[in-house]
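Structure record follows, encoded as structure tokens.
Every number in this text was worked out from the coordinates using simple rules, so none of it is lab data. Bear in mind that the values here come from a model prediction, so they are computed numbers and not experimental data. FYI the Cβ positions are ideal-geometry reconstructions off the backbone, even for glycines, and counts take in every protein chain you see.
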Amino acid sequence: MKLSKYIAITVLSLSLAISTCGCDKDYTVGTPFENTDGSGNATATPGGEAVPTESTDKPEGSGDKTTPAPTKTDNTNPGSDPTASPTGTEPTGEATTDIPTEAPTGEPATVTSAPISRDKFDRAEYRNMTFLIWLPAFEYGAFTGQESKGTFDYAVFSEVTKEEVLAYVSQLKNAGYNLKVSESSTSDTWTYTACNEKDWKAVLTYKNNTLTLGSGFEEAKEDDQNEELRRLYSTTMLQYIPEFKSGTFTGSSSSGSSGADGNYIMYSGVTKDNVLSYIEQVKSAGYIYAPEENYEGSSIWYIALNEESFECSVEFDGTSLKIGCTDCSEDQ
């Protein structure tokens, strides 16, 4: 019993000596000892205040959001993940200026330059991105080139036969390219052009088994068209009939080589009411003799003579109008 008491007194003396030891370093700093704020840093130590282990900078986890986040080269906590955010600091969600702007391959992460252009396309690609989209697709031969000039786009096809070209011309006519038709040929070149009612123009040039197919529109000025109309209605046989003032002027032709026997003028964008109203003007102008007329369905025509044996013809097929005046006096 005495021995036990002696041992207890000795242990107590040693504890008091340790607690009053003048050590210059507190090993409890940085441990969770008596920490009540949950930050992982010591807030109190037994026997006195904690002594900072490094500089006077605020300890990690102090809650000061102005403290810069540690980087890979400036990590204040060697034992932590170098990419983790510092304790107590919330991410701002804003990109910093030192973030790399290149992908791992060294190429820009985003492309800001203009789209890449190519010199060659297949026939379907080229047709879909040019005025050739307004023409029937040409399915013969081999697509070998393309070109654009002004308001026209052209495609070149090799290994094409004349029969294939003529078959395509039939497709053009069925698609409405049957106005302002022009055809010419030399010893080795054949050229064919035609327009539809909206003045889209198809141009075909065939030479040495190669076809150049073009599509576009003529940049005709309104003043030029008006001048042409004034000329037709003042200097040709059309001066003897009323002027048609609706629709869009698309062309003219003559019945004789010199244009003296008769003249015709064509319009698109014409309605049935426009035609019926014009026929009444023609009748009022004296064209009432030996009439031939039809008003059934979408087709309308009216043909009659006046007292001078001038014949006026009005022919409408539902989409386009053809008006003519011919001198029939020699036929009487």
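Applying the Karplus relation 6.51 cos²θ - 1.76 cosθ + 1.60 with θ = phi - 60° to the stretch 173-186 yields 3J(HN,Hα) values of 4, 5, 8, x, 8, 9, 10, 6, 6, 9, 9, 8, 8, 10 Hz, where x marks Gly and Pro.
Pairs exceeding a 29 Å alpha-carbon distance, out of Lys173/Lys207; Lys149/Lys245; Lys180/Lys207: Lys149/Lys245.
Put the Cα centre of the stretch 298-332 next to the Cα centre of the stretch 151-166 and the gap is 38 Å. Within the shell defined by Cβ-Cβ distances under 13 Å, the residues around Arg231 carry a net charge of -4, with Lys and Arg each +1 and Asp and Glu each -1.
Near Asn128, once Lys and Arg are set to +1 and Asp and Glu to -1 for all other residues with Cβ below 13 Å from its Cβ, the sum equals -1.
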